[in-house]
1. At q = 0.20, 0.23, 0.25 Å⁻¹, what log₁₀ I(q)/I(0) does the range 129-220 have when each alpha carbon counts as one equal point scatterer in the Debye sum?
2. Could you give the dipole magnitude of the chain about its Cα centre, charging the beta-carbon of Lys and Arg +1 and that of Asp and Glu -1, in debye to the nearest 20?
3. Between F92, L140, L217, whose Cα lies farthest towards the positive end of the dipole of the chain when Lys and Arg beta carbons carry +1 and Asp and Glu beta carbons carry -1, centred on the Cα centre?
4. Order by neighbour count: S62, S98, S255, fewest other Cβ atoms within 10 Å first, most last.
5. Restricting to the range 129-220, what percent of DSSP beta bridges are antiparallel, rounded to 5?
6. Using a 10 angstrom cutoff on alpha carbons, build the Gaussian network for the chain and name the most mobile of A228, A57, A100.
7. Is the chain best put as rounded, prolate or oblate by its Cα gyration tensor, with a ≥ b ≥ c the root eigenvalues, rounded for a/c under 1.5, and otherwise prolate when a/b is larger than b/c, oblate when not?
8. When the gyration tensor of the range 51-119 is built from Cα positions, what are the square roots of 5 times its three eigenvalues, in whole Å, from largest to smallest?
Amino acid sequence: MSQHAEQLELSGLPRPLFAATPSKLTTFDCPRRYRMTYLDRPTPPKGPPWAHNTVGAAVHVSLARWWQLSPEQRTPESGAGLVRRHWQSDGFASADQSTAWRDQAADWVTQYLRDEQQRHPAQQEPRGIERTVATRTSILAVSGRADRIDERDGELVIVDYKTGRSRLDTHDARGSLALAIYALAAERTLRQRCRRVELHHLPTGDIAEFEHTDQSLAQHVERAEQTATDITAALDTVAGGADPSEVFEPNPGPSCSWCDFRRQCPEGRAVSPDKDSWAGLATLDSTRS
């Protein structure tokens with residue numbers, strides 16, 4: 001236990017809540033990556049940007065900006081225009097590849113907005129777009145930014161956009177810590193019941209959905225609190241004089257190919273192959289087949 005923790009214990013004061021986002025908690029799946037992301041200063045240099053992240057960022061910002069347009073301007077085609085306006089070329093193999101993927105992303109957004117207008121022809125303004133919501137437990141003060149928060153039949157619905165090449169299903173929606181946290185935090189922040197979470201996969205047009213119960217949400221909270229407890233214990237150990245590199249050990253595996261800190265991690269490089277910065281892209285025009 002660190003000196004600060006001992007002082008709190010002796011004084012009878014409670015420990016401060018562990019402040020986190022869902023991303024911060026899941027980063028601890030590899031303690032070394034957590035250390036490099038949140039503790040090491042200066043932050044170790046990251047690898048080159050990934051093209052699939054560029055695609056995802058353009059789609060997300062375009063769908064957020066779309067809701068800022070006046071209602072008469074909200075056409076599927078205007079969504080495609082926003083993609084082109086906000087496009088970047090980071091991570092692509094060439095200008096031609098970037099252009100092809102810009103057009104692909106614009107097509108995804110156009111078709112998605114058409115589908116959404118058919119699914120919800122009389123949809124109200126969302127309760128939140130890129131809305132930060134927060135909640136707390138006895139251990140955690142957790143917050144996150146939801147892509148979209150709808151109101152349907154008197155309840156809130158969490159909508160999360162996805163652009164990865166893998167298809168999603170109910171298990172993905174149920175197992176997402178981020179979606180569960182958003183649901184709990186949206187209910188607390190907006191004071192309205194929220195149990196339904198949805199993953200909207202633009203490449204395929206699929207929607208993976210799940211209706212949480214109190215029990216399933218409690219399981220996610222327990223998982224988040226255990227992670228926070230483990231991180232706090234590691235921080236206390238380091239504060240007590242332990243070597244951070246020994247406390248925050250790597251957890252090497254196949255996902256190390258995609259780690260931003262791969263160059264600083266020989267263990268990760270040893271168990272996973274190098275990837276080109278555009279390797280995470282799906283095959284063009286194959287996603288809705």
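Taken together, the values in this text are just the output of simple stated rules run on the coordinates, not laboratory data. These numbers were taken from a predicted model, which means no experiment stands behind them. Here the Cβ positions follow ideal geometry from the backbone for every residue, glycine too, while neighbour counts run over all protein chains shown.
1. -0.91, -1.17, -1.33
2. Values: 35 positive and 40 negative charges, 101 e Å.
The calculation lands at about 480 debye.
3. So the residue furthest toward the plus end is F92.
4. Exposure proxy ranking, most exposed first: S255, S98, S62.
5. Bridges in the range 129-220 that DSSP calls antiparallel: roughly 70 percent.
6. So, out of A228, A57, A100, the one fluctuating most is A100.
7. Because a/c hits 1.5 or more and a/b fails to exceed b/c, the chain counts as oblate.
8. The answer is 23, 11, 9 Å, longest axis first.
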